[in-house]
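Enquirer: Let me give you the structure first, and then I'll get to my questions.
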Amino acid sequence: MDFTDVLIRDFNADADRRMAFICRVMMALMAVVIVLNLVGVFKIGAMLYPAVLFGMAVMFIPTILYDILHINSKPARYCTLTMMVLMSGVLYAILSYHVIIMLAFPVTVSCLYCDRSSVLYTTVLSLPVMVVSHLIAFALKVVPDEPLVTLRGLLLYGVLPRAIELIAISVICLSVTNKLQRLIRNLIRNNNELYDEQQTLVNALAEMVESRSRETGHHVKR
């Protein structure tokens, strides 16, 4: 018997739950940032609050989908990854280098599914969103310092380095995903082989018993 579909479904469901947990942790950290800004440790400005509240709302989506509604499907996962990419873009457009690491967050968490297509999709979507976020930040004059106050400086010292870094992180994520995919395939193959061996052993025992008692042999097979 082939248990591949069952194992993959359980693995993805577990990844969904872990995604929801990670996002709840991120929500808590965003709340800490708001508190630190309120007490004067950070001085980011009033634009922090709507941006972070939007980010917290997006971070709660996996909990709604996976833990509350129990929607464990591929479209739901792609929807979650899409919203995370858009959220990272909005945060960067408004807060710029205060949240630069958020640009890599969606690509990194996409590794949870051990699926190359998820990592590639998130990377391809993140690159144009990152470029647009830089342009919006430039238009809003979020960073008033050189060299990011000119369009040429923005492209050479803002967009280009971030694109290279994002691609580098994506390559690492793809390598990790490939490694995990091989491990999962080996696990599934070993599990199926173990089942076949156990079934062969039970049939052999049943035939031995059947040679002495046909009814008992059929009972063992059942």
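Enquirer: Considering the stretch 11-29 alone, what residues qualify as being out of contact with any Cys (no Cβ under 9 Å at 6 or more places or on another chain) and aromatic (Phe, Trp, Tyr)?
Expert: The one that is out of contact with any Cys (no Cβ under 9 Å at 6 or more places or on another chain) and aromatic (Phe, Trp, Tyr): Phe21.
Enquirer: Only one residue in Ile71, Ile94, Ile167, Ile100 is assigned to a loop (DSSP other than H, G, I, E, B) and either of a type in the set (A, V, I, L, M, F, W, C) or open to solvent by 70 Å² or more (accessible area, probe 1.4 Å) (or both). Which one?
Expert: Residue meeting the stated conditions: Ile71.
Enquirer: Restricting to the stretch 152-164, give me the number of residues that are of a type in the set (Lys, Arg) and surrounded by fewer than 15 Cβ atoms within 10 Å (Cβ to Cβ).
Expert: Initial filter on the stretch 152-164 (of a type in the set (Lys, Arg)): 152, 162.
If we keep only those that are surrounded by fewer than 15 Cβ atoms within 10 Å (Cβ to Cβ) as well, we get 152.
Qualifying residue count, the stretch 152-164: 1.
Enquirer: Need pairs with beta-carbon distance below 9 Å; first residue over 18 Å from Leu151 (Cβ atoms) and touching a residue at least 12 places away in the same chain (Cβ under 8 Å) and within the stretch 123-141, second surrounded by fewer than 19 Cβ atoms within 10 Å (Cβ to Cβ) and of a type in the set (Val, Ile, Thr); sequence gap 6+ or separate chains.
Expert: Close Cβ pairs satisfying both conditions: Thr123/Ile167; Thr123/Ile169; Leu125/Thr82; Leu127/Ile167.
Enquirer: If you don't mind, another one. Out of all the residues in the stretch 9-36, which are in contact (Cβ under 8 Å) with a residue 12 or more places away in the chain and over 22 Å from Phe105 (Cα atoms)? Full working, then the answer.
Expert: So in the stretch 9-36, the residues in contact (Cβ under 8 Å) with a residue 12 or more places away in the chain come out as 9, 11-13, 15-20, 22-24, 26-27, 30-31, 33-34.
Listed by number, the list holds a single entry, Arg9.
Enquirer: List every residue pair whose Cβ atoms sit under 6 Å apart, with the two residues 6 or more apart in sequence or on different chains, where the first one lies in the stretch 147-174 and is free of Cβ contacts under 8 Å to residues at least 60 places away in the same chain and closer than 15 Å to His134 by Cα and the second, anywhere, is part of a helix (DSSP H, G or I) and open to solvent by 70 Å² or more (accessible area, probe 1.4 Å).
Expert: Close Cβ pairs satisfying both conditions: Pro147/Tyr157.
Enquirer: Still on this structure: Note down all Cβ pairs under 6 Å where the first residue falls in the stretch 42-53 and is within 14 Å of Met27 (Cα to Cα), the second is assigned to a loop (DSSP other than H, G, I, E, B) and at pLDDT 80 or above, and they're at least six residues apart or on different chains.
Expert: The qualifying pairs do not exist here.
Enquirer: Please determine, by comparing only the residues of the stretch 125-151 that are modelled with pLDDT of 85 or more and more than 15 Å from Ile94 (Cβ to Cβ), which one is most open to solvent (accessible area, probe 1.4 Å).
Expert: Across the stretch 125-151, the extreme among qualifying residues is Pro128.
Enquirer: Being at pLDDT below 75, part of a helix (DSSP H, G or I) and under 30 Å from Ile8 (Cα atoms) is true for just one of Asn203, Asn178. Which residue is that?
Expert: It is Asn203.
Enquirer: Just give me the residues in the stretch 139-164 being closer than 25 Å to Arg116 by Cα and in contact with a Leu (Cβ under 8 Å, 6 or more places away or on another chain), in sequence order.
Expert: Arg162, Ala163
Enquirer: Enumerate the pairs (first residue in the stretch 59-73 and small (Gly, Ala, Ser); second residue anywhere and not in a loop (DSSP other than H, G, I, E, B)) with beta-carbon separation below 6 Å, excluding pairs fewer than 6 apart on the same chain, so at least 6 apart or on different chains.
Expert: Going by the 6 Å Cβ cut-off, there are no qualifying pairs.
The values are calculated or read from the model by the stated rules, or taken from the named source; none is laboratory data. Fair warning: this is a prediction, and the values are worked out from it, not measured in the lab. Using ideal geometry, Cβ is built from the backbone for each residue, glycine included, and neighbour counts are taken over all protein chains shown. SASA here: full protein model, heavy atoms, side chains in, ligands and nucleic acids out. Shrake-Rupley method; radii C 1.70, N 1.55, O 1.52, S 1.80 Å.
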